[in-house]
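> Structure in C-alpha cells, see below.
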Number of protein chains: 2
Amino acid sequence: MADRPTGGYPPSLNVLGFAIDHTDGKARLGRLTTAHGEVTTPLLMPCGTAGAVRGITPAQLRATGTQMVLANTYHLMLRPGAEVVAELGGLHRFMAWAGPILTDSGGYQVFSLADRRTVTDDGVVFRSHIDGAEVALTPERCMEVQRLLGADIVMQLDECPPASAGREQLAAAVRRSAAWAGRCKAAWEAHGRSARAGHPQGLFGIQQGGTDLELRAESARRIVDLELPGYAIGGLSVGEGPEAMRTVLETIDELFPAGKPRYLMGVGEPADILAAVACGVDLFDCVLPTRNARNAQAFTWTGRLRLRNAEHARDPRPVEEGCPCYTCRNFSRAAIRHYFQAEEMLGPILLTIHNLTFFARFTAAIREGIAAGQFQQRSRQWLARMYPQRPQR
Amino acid sequence: MADRPTGGYPPSLNVLGFAIDHTDGKARLGRLTTAHGEVTTPLLMPCGTAGAVRGITPAQLRATGTQMVLANTYHLMLRPGAEVVAELGGLHRFMAWAGPILTDSGGYQVFSLADRRTVTDDGVVFRSHIDGAEVALTPERCMEVQRLLGADIVMQLDECPPASAGREQLAAAVRRSAAWAGRCKAAWEAHGRSARAGHPQGLFGIQQGGTDLELRAESARRIVDLELPGYAIGGLSVGEGPEAMRTVLETIDELFPAGKPRYLMGVGEPADILAAVACGVDLFDCVLPTRNARNAQAFTWTGRLRLRNAEHARDPRPVEEGCPCYTCRNFSRAAIRHYFQAEEMLGPILLTIHNLTFFARFTAAIREGIAAGQFQQRSRQWLARMYPQRPQR
C-alpha cells in the first residue's frame, strides 16, 4: 500500500514519502519520510509555538519519544522574525531540534490573536498582538515565511471563521481558502525548498467548512484537485462538540486520497485521537500535554491526575506505575505536589516530561493496535480505563 | 596532609573524610568524603532551597559538573515538612539527587524571612512566612529536622544578627550561637545518623561576629573547642562590602584547624570566591548562578552577559565559545534572547545550565591552579578578564 506523491508538481518536489504499512478498518499505520527523518503515524506533535516546547529542552523532548514538533508561523514571523531565523541557519538549528518540524500557516492565529484584521481575497492585514505593528499576510508571503523558517511540512494560508459562523460565512471561507491553497501551491512550486538549508518542504492544504458536510466535501474536493503532498482538517475542536467533530471525521476517508497523510489540527484529547484514528487520521497537534502539565495535571492510562490535590501529599508512588519517563523513574507524587505548592519550575518541567511521554506511548500503542488488527477492541478498553465516568459507546 | 576528624565524639561519628592533597599559599585542594560520595574542593553548592535547584532537573544538574547541593532546613521544615520527607525516604530520594547534600540550619532564614520571631537562649519561635503558623526552632529540633531530612552535612542553629547590629548585639549572637553549637553537638552525638537511610551526617559549627575581628576570633575559638567535623563562616556577604569581608577572611586560616573543611556561607561572586580560596576556604554556596540565569544574565570567563540586550538579537555565537554545556553546544545567543523576549521557560532553563556549568568549570580551574602551584598568578589573570572595568589589586 506504499504510495509516494506523484502529483502535478515537479519531481524535485516529491518530498514526503508516505507509506501505509497496515490498515485496520479505516485506521492506518504509516511511515512519513521527511528531510529530517522518518516518523511513524499516527502521531501527535507537541506545540513549540515560539520555537520551544514549553518547559523542556529539545534533548528532554527527544527522550520522551516525541517524533515531530509543530511551530507557529504567526508567532515566529512577529518575533524574532522569519528573516532572523533564516539568517541563523533556519528553525531546526535555531531551536536545536534535529527531527521533523511542521509550521502552521498562521491563519488560525491571525483570526484568534491579532488585534485588528482586514481580510480580502488578496490576503489578510492585521496588527501584531505583541507591538501593534501592521503586518500583511498573503498566501505568497505565508509560503515565503515558511520557506525562511525551513520546516519539513508547511501549511497553506487559510481563513478560519469563528465557531459561530453561519453557512454563508463558512462557504466564503471555504472558497477563499481553496483559492489561497492554489496560490500557495504556485508559490511553493516556484521554490519548494527551505531558504537556508535547501531541503525540500511538503505543502499541506487545509479543509474548512465547519460542521457542514456539504461544505466539507466541497473544500476537500478543491484542495485534493491541487494534488498536494498532504491534507489537513482545520476548523474543528473549536467548540463544536465531540459528536459534531465525529460526524465530520467520518466522511474524510472517502474525501481524501488514501495514499496521502491526513492531519487533524488542534486535537489531542485521547478520546478524540482514538475517534479520529478510527476515521483514518494520521497526524495530530495539541497543547494539552504541555499546557495541562503547567497546570499540574498529568495524563495516565487510568485518566487524569491533579497533582495539586492534597491526596498526593504523602504518596510515594510515581505519577504512573510502569511509566519509563524520567519523572516516574525518579519522583514521587508527593515530591511533584510539593514542587507545585512551592511554585518551583521543576513541577511543570516534570509533568511536561511525563505527559509528552504518555502521548508518545499512547500513540505507539495505537500503532501497535493497528498492526495487530485490534485497534477497535483496544480502543474500547483504553477508553473504559481513561474515562471511567463516561458511558461507553 | 590528609586528616580525618578524630574529635571528642564517638568513632561512628567520624563521618567526613577530608584530605588536603595540595596547598598553594593558604589555598587548599581537598577531597571531602561523605556518605554519598567524594567531592573535590574548593567547590560551590547551588541552592536547592525547597528541594529543587530552580529551573533544571537533577539529571541536568549532574551534567553541569555540579558535585554537591545545598537545601534549606527552614523551607523544607515548613513545606512539605521534615517528617513527610523522612517518610518518603529522605531528602536524597525525595529530590532525586544521589550526590552529597548539605542542609542549612534555617537560622539565616528565620532571621530574614519569618514574619515575627522571639529569640531566647532556648531557641527561636517564629511565624511561618507561608501560612503564619507558629513554629519553634531549638538547637535540638534543628538537629532532629536535619536528621529527618538526612543530608550528608548538617549545620548548627545559629543566631544571625542584621548587618546593622552593634557590637553588643554581635557579641550576644556570638555567645548564643556558641552555646547552641554545644547543644547541637550533644543532640547530634546522640544520633549522628539520618533518620531514614541511617547514613552518618557531619555537623558543622558556624562562626559569627560580623566584621569585628575580636568577636570573630572568640566565635571561632568556641566552636573549634567542640571539635566538630567542619566549620562555616556565617554572617558575611550581608552588605559589609568586599574589603570588610576580606579582612575577616584573612584571619580564618589561623583560627580554624588545618585539617577540617571550611565553608563560607552565601558567597558566590567569582571575585569573592577567589579571595576566599586564597584565605583557605573550601566550600561555598550561592544563589547567583541560578537567580541570575532567571534574570537573563550569563556568567562567562570574560564577564557577565545580559541576554535580553538587543545586541544579541542576531548573534549566532554561543553564550561562551568553547563551553561544553548543552546550552552552548546547541543554542545561539539570538535564540536565547528570543526565549527571554517571548517569556519561554527555556530561556531561564538554558542559562541555568550554562551558569552552573560555568561555576563547575571555574572551581575546577581553581583546583587545577592550586595543584599546579599557580593559583595566585591565574587568579589575577581571571580577575583581569572577568572584571575588565575594575582596577586590579
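> Taking springs between alpha-carbon atoms closer than 10 angstrom, which of A:146, A:208, A:377 fluctuates most in the Gaussian network model of chain A?
Highest fluctuation of the listed residues: A:377.
> What is the extension gain from residue A:243 to residue A:389, computed as 0.36 nm multiplied by their sequence separation minus the C-alpha to C-alpha distance, in nm to one decimal?
50.8 nm
> Same structure, new question: Return the sequence-ordered ³J(HN,Hα) values of region B:211-221 in whole Hz as given by the Karplus equation 6.51 cos²θ - 1.76 cosθ + 1.60 applied to θ = phi - 60°, using x for Gly and Pro.
Each residue's phi maps through the Karplus curve to give 9, 8, 5, 5, 5, 4, 5, 4, 4, 4, 4 Hz.
> Let me ask something else. Take every DSSP beta bridge with both residues inside region B:112-238 and express the antiparallel ones as a percent of the total, to the nearest 5.
About 55 percent, rounded to the nearest 5.
> Looking at region B:98-155, which GluC sites (Glu not before Pro) are in a loop (DSSP not H, G, I, E or B) and have at most 13 other Cβ atoms within 10 Å?
Qualifying residues, ordered by number: none.
> Kindly give the distances from residue A:241 to its copy-mates, label point to label point, with each label point 7 Å from Cα along Cα→Cβ, as nm values to one decimal ordered shortest first.
7.4
> Need one number: nm distance between label points at residue A:213 and residue A:365, each 7 Å from Cα along Cα→Cβ, rounded to one decimal.
Here the answer is 3.2 nm between the modelled labels.
> Across region A:162-168, in residue order, what do the Karplus-derived ³J(HN,Hα) couplings come to in whole Hz, using 6.51 cos²θ - 1.76 cosθ + 1.60 with θ = phi - 60° and x for Gly and Pro?
Along region A:162-168, the couplings run x, 4, 7, 4, x, 4, 5 Hz.
> In debye, nearest 20, what is the charge dipole magnitude of region B:291-393 about its Cα centre with +1 on Lys and Arg Cβ and -1 on Asp and Glu Cβ, if you could check?
Working: 17 positive and 7 negative charges, 77 e Å.
So the magnitude is around 380 debye.
> Right, next: Have a look at the DSSP beta bridges in the protein assembly as shown and tell me what percent are antiparallel, nearest 5.
Percentage antiparallel, nearest 5: 50.
> Identify, for chain B, the residue whose C-beta comes nearest the rotation axis onto chain A, and round that distance to whole Å.
B:345, 3
> Give the long-range amide H neighbours of residue A:233: residues separated by 5 or more places, or on another chain, with amide H under 5 Å away, using H modelled in the peptide plane at 1.01 Å from N.
It is A:207, A:263, A:264, A:265, by chain and number.
> Charges at C-beta only: +1 for Lys and Arg, -1 for Asp and Glu. How large is the resulting dipole of the protein assembly as shown about its Cα centre, in Debye rounded to 20? Numbers along the way, then the final one.
Numbers: 86 positive and 80 negative charges, 111 e Å.
Roughly 540 debye, rounded to the nearest 20.
> Please work out the FRET efficiency for the pair residue B:172 and residue A:343, using the Cβ-Cβ distance as r and a Förster radius of 30 Å; give the result to the nearest 0.05.
The formula returns an efficiency of 0.25 here.
> Identify the residues of region B:302-317 with backbone N under 20 Å of a label point that sits 7 angstrom from the Cα of residue A:133 along the Cα-to-Cβ direction, or state none.
B:308-316
> May I ask you to derive the relative contact order of chain A, considering only C-alpha pairs under 8 Å and at least 6 residues apart, and to give it as an integer percent?
The normalised contact order for chain A reaches 18 percent.
> Please work out the C-alpha center-to-center distance from region B:194-213 to region A:189-236 and express it in whole Å.
Each part's Cα centre sits 66 Å from the other's.
> How many percent of the alpha carbon pairs in chain B exceed a separation of 31 Å? Working shown, then result.
Working: 27489 of 77028 pairs.
Roughly 36 percent, rounded to a whole number.
> Let me ask something else. Which shape class applies to region A:168-254: rounded if a/c is under 1.5, otherwise prolate when a/b exceeds b/c and oblate if not, where a ≥ b ≥ c are the square roots of the Cα gyration tensor eigenvalues?
Numbers: a/c = 2.42, a/b = 1.95, b/c = 1.24.
Because a/c hits 1.5 or more and a/b exceeds b/c, region A:168-254 counts as prolate.
> Further, regarding this structure: Suppose each label sits 7 Å from its Cα in the direction of the beta carbon; what would the residue A:314-residue B:309 distance come out to in nanometres?
5.3 nm
> For chain A, set up a Gaussian network in which alpha carbons nearer than 10 Å are linked by springs, and say which option among A:278, A:232, A:133 fluctuates the most.
Looking only at A:278, A:232, A:133, the biggest GNM fluctuation is shown by A:133.
> Mind checking the dipole of region B:20-166: about its Cα centre, +1 per Lys or Arg Cβ, -1 per Asp or Glu Cβ, Debye to the nearest 20?
460 debye
> Now for a different question. From the label point of residue A:37, set 7 Å from Cα along Cα→Cβ, how far away are the matching label points in the other copies, in nm, ordered shortest to longest?
2.8
> Follow-up. Classify region A:129-224: rounded, prolate or oblate, from the alpha-carbon gyration tensor (a ≥ b ≥ c, eigenvalue square roots; a/c under 1.5 rounded; otherwise prolate if a/b is larger than b/c)? Don't skip to the answer; put the middle values down first.
Values: a/c = 2.68, a/b = 1.51, b/c = 1.77.
Oblate.
> Among A:129, A:52, A:107, whose Cα projects farthest towards the positive end of the dipole of chain A, with charges put on the beta-carbon of Lys, Arg (+1) and Asp, Glu (-1)?
Of the options given, the answer is A:52.
> Mind checking which lysines have their Cα closer than 26 Å to the Cα of residue B:260? Skip sequence neighbours fewer than 8 apart in that chain.
B:26, B:185
> Sticking with this one: Mind listing the phi-derived Karplus ³J(HN,Hα) values for region A:72-78, rounded to whole Hz, using 6.51, -1.76 and 1.60 with θ = phi - 60°, and x for any glycine or proline?
10, 4, 4, 5, 6, 5, 7
> What's the ranking of A:60-69, A:161-170, A:347-356 by average number of surrounding C-beta atoms within 10 Å, highest first? List each step's numbers first, then the result.
Values: A:60-69: 21.2, A:161-170: 14.0, A:347-356: 26.8.
The packing order, highest mean first, is A:347-356, A:60-69, A:161-170.
> Okay, which of region A:41-63 sit inside 12 Å, backbone N to the point 7 Å along the Cα-Cβ direction of residue A:21?
The answer is A:41-42, whose backbone nitrogens lie closer than 12 Å to the label point.
> Antiparallel versus total DSSP beta bridges in chain B: what percent is that, nearest 5?
Working: 25 of 49 bridges.
Among the beta bridges of chain B, antiparallel pairing accounts for roughly 50 percent.
> If you average the alpha carbon positions of region B:253-297 and of region A:338-388, how far apart do those two centres end up, in angstrom?
The distance from the Cα centre of region B:253-297 to that of region A:338-388 comes to 45 Å.
> Then there is this: Subtracting the Cα-Cα distance from 0.36 nm times the residue separation, let me have the gained length for residue B:287 to residue B:79 in nm, one decimal.
Roughly 72.9 nm would be gained on extension.
> List, shortest first and in nm to one decimal, how far the label point of residue B:387 (7 Å from Cα along Cα→Cβ) is from its counterparts in the other copies.
Between copies, matching label points for residue B:387 lie 6.4 nm apart.
> Estimate the FRET efficiency between residue B:121 and residue A:59 by the formula 1/(1 + (r/R0)^6), using the beta-carbon distance for r and 60 Å for R0, to the nearest 0.05.
Once rounded, the FRET efficiency stands at 0.65.
> Something else now. Per-residue Cβ counts within 10 Å, from other chains only, averaged over A:336-349: what number is that?
5
Coordinate-derived values only; no laboratory data. Since we're looking at a predicted model, the values are computed, not measured. Cβ atoms come from the backbone with ideal geometry, glycine included; neighbour counts cover every protein chain shown.
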